[in-house]
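First up is the structure itself, then whatever we jot down about it.
The values are calculated or read from the model by the stated rules, or taken from the named source; none is laboratory data. Since this is a predicted model, take the numbers as computed values, not measurements. Here the Cβ is made from the backbone with ideal geometry for all residues, glycine too, and neighbour counts use every protein chain on show. Side chains included, ligands, DNA and RNA excluded: accessible areas come from the protein's heavy atoms. Shrake-Rupley method; radii C 1.70, N 1.55, O 1.52, S 1.80 Å.
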Amino acid sequence: MTLRSFAVVLCAFGALTAHVFQGSGLEAKMDDTHAQDLAAIEKVRSQDIAATLSRDTAALTELWTDDAVRLNQDGPDDIGKQAIRATNERQKAATPELRVLSYVPEYKELTITDGWAFEWRYYTGSYVESPGGEVKHIRGKVLVVLKKLPDGSWKCARAMGGVVSGELPPSWVNPSKGVATARLLEATPPNKGMKLTKRGQLRSFAAYPQCSPDRPCAGVQSRHESPQGTAHPPDPGPTGRFLA
């Protein structure tokens, strides 16, 4: 091997080494960005739980982007952040004594790509319409699209959700949707643990932890898991609105 050819080999090895190190640095940077995104999204989740339990309409509204859209079953869709806030405030004004006792999201899948995140989850919740009232339980599902903002924070840009079982406060329900509730009941043979109330709402008798205003059953199961190989309940049918 001549001196010249040896020099060429060294240059080639140097270029290859530089490419490998640059690639490793890029991967490390991507890993750091992904970790930061996960931490920021986890913060939004925690804020959602806290705001739901306290029924803080301002905090609930701040979880959304200015151009957010929330699709509702029992009324007009909320287009824009101010419309979402108006609906939250209207619901709270209609049920001033309602207390949320528990709200437990069950995160099923989260995908992050190019400044957007797609998440679906179930949740369980319980509430009383007035102090000393009957504890009522619900289970629901939510599909959310989150958007990354220039400051690195994340907010909800699009969302839709529904109640799988249980009953919402009467003042939140559009009476014209009673037919959909009846169909939901009929589509769940043999209707074990469920019955249709006089208000045309679905009540579930599933076993839930007993909660009280003095001992809320708040909690969160934060996990990122693939739906593959995981048993999920069958699709219950029509959708509804968030707990708070």
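Looking at Leu38, is it assigned to a helix (DSSP H, G or I) and modelled with pLDDT of 95 or more?
Working: assigned to a helix (DSSP H, G or I): yes; modelled with pLDDT of 95 or more: yes.
Criteria met by Leu38.
Starting from segment 128-152, keep only residues that are under 25 Å from Leu63 (Cα atoms) and crowded, with 18+ Cβ neighbours inside 10 Å, then list their pairs with residues that are modelled with pLDDT of 95 or more and among the β-branched types (Val, Ile, Thr) whose Cβ atoms are within a distance under 6 Å, requiring at least 6 positions of separation or different chains.
Pairs that qualify, where the first residue is under 25 Å from Leu63 (Cα atoms) and crowded, with 18+ Cβ neighbours inside 10 Å and the partner is modelled with pLDDT of 95 or more and among the β-branched types (Val, Ile, Thr), are Val128/Val135; Arg139/Thr124.
Right, Ala58: modelled with pLDDT of 95 or more, of a type in the set (A, V, I, L, M, F, W, C), outside any strand (DSSP E or B) and open to solvent by less than 20 Å² (accessible area, probe 1.4 Å) or not? Full working, then the answer.
On the way: modelled with pLDDT of 95 or more: yes; of a type in the set (A, V, I, L, M, F, W, C): yes; outside any strand (DSSP E or B): yes; open to solvent by less than 20 Å² (accessible area, probe 1.4 Å): no.
Spelling it out, it is not the case that Ala58 is modelled with pLDDT of 95 or more, of a type in the set (A, V, I, L, M, F, W, C), outside any strand (DSSP E or B) and open to solvent by less than 20 Å² (accessible area, probe 1.4 Å).
With the requirement that a residue be polar (S, T, N, Q) and either touching a strand residue (DSSP E or B) at 6+ places or on another chain (Cβ under 8 Å) or not in a strand (DSSP E or B) (or both), what does segment 111-169 give you? Steps first, please.
Step one: filter segment 111-169 for residues polar (S, T, N, Q), giving 111, 113, 124, 126, 130, 153, 165.
The answer is Thr111, Thr124, Ser126, Ser130, Ser153, Ser165.
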